[in-house]
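To keep things clear, I will list the structure first and then write my remarks on it.
Values quoted throughout were computed directly from the atomic coordinates according to the rules given, and no laboratory measurement underlies them. These numbers were taken from a predicted model, which means no experiment stands behind them. Counting neighbours? That spans all protein chains shown, and the Cβs are built from the backbone with ideal geometry, glycine included.
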Amino acid sequence: MRTMKNALLLVAILFTTTVFGQKLGHINSNELLQAMPERTQVEEEIKKYAQELEAQLSAMTKEYQSKVQSYQQGQATMSESIKQDKIREITNLEERINDFQQTAQKDLQEKEEKLLNPIIDKAKNAIEEVAKENGYTYIFDSGVGVLLYQKDSDNIMPMVKKKLGLL
């Protein structure tokens, strides 16, 4: 039992000296990304693409509503085969609209990733360079909300902005 206490004490001492010997820093990555001028261009491009998709969906929805209204108004005078054909047409259009919505959402997400990844990589590289140049062991992202205490941490935002030419 006594050796167990001594071993735990030794581990605690080693852990504290290891932790206190580290240079810690933090940065709000969301704030950094918002400060990067490329972000505005990407947001505009994504917004434009989303509007194009919405316009296409709107056109399809109008066509659907028109076909449904036409069917409802004329169904009393339609033969059974024409009714079935119109119902099939409306059902196919419903399926196309649903497929388009799913595909559009996926496409928009992929486009956003494709456009944002180079900006994120640029920011990551700048953070890594600043950390290495200034001898930091750890850099925490306070923008994600996982940092609970940062009193003894340095905010490296000014140095990263300078590295990116944002100051």
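Using amide H atoms built 1.01 Å from N in the peptide plane, name the residues 5+ places from Ile139, or on other chains, whose amide H lies under 5 Å from its own.
Gly25
Residues with beta-carbon under 12 Å from that of Gln73, excluding Gln73: net charge, scoring Lys, Arg +1 and Asp, Glu -1?
Value of the local net charge: +2.
Would you mind computing, in nm to one decimal, how far apart the modelled labels at Asp154 and Ala55 are, each placed 7 Å from Cα along Cα→Cβ?
So the two model labels end up 5.1 nm from each other.
Over the residues of segment 79-149, compute the C-alpha Rg and express it relative to 2.2 N^0.38 Å.
The reported ratio for this selection is 2.28.
By average Cβ neighbour count within 10 Å, what is the ranking of 46-59, 124-137 from highest down?
124-137, 46-59
What FRET efficiency would be calculated for the residue pair Glu110, Lys67, taking the C-beta separation as r and a Förster radius of 30 Å, to the nearest 0.05?
The value I calculate is 0.45.
Which far-off residues, 5 or more places away or on another chain, put their amide H under 5 Å from the one on Asn155, with H placed in the peptide plane?
Residues meeting the amide H criterion: His26.
More than 22 angstrom separation, counting every C-alpha pair in segment 22-163; what % is that?
Taking all Cα-Cα pairs of segment 22-163, the fraction more than 22 Å apart is 60 percent.
What does the charge count around Glu54 come to, taking other residues whose C-beta lies under 12 Å from its C-beta (Lys +1, Arg +1, Asp -1, Glu -1)?
Every neighbour counted, the sum reads +1.
Please give me the summed charge of the neighbours of Leu166: other residues whose Cβ is under 12 Å from its Cβ, Lys and Arg +1, Asp and Glu -1.
In short, +3.
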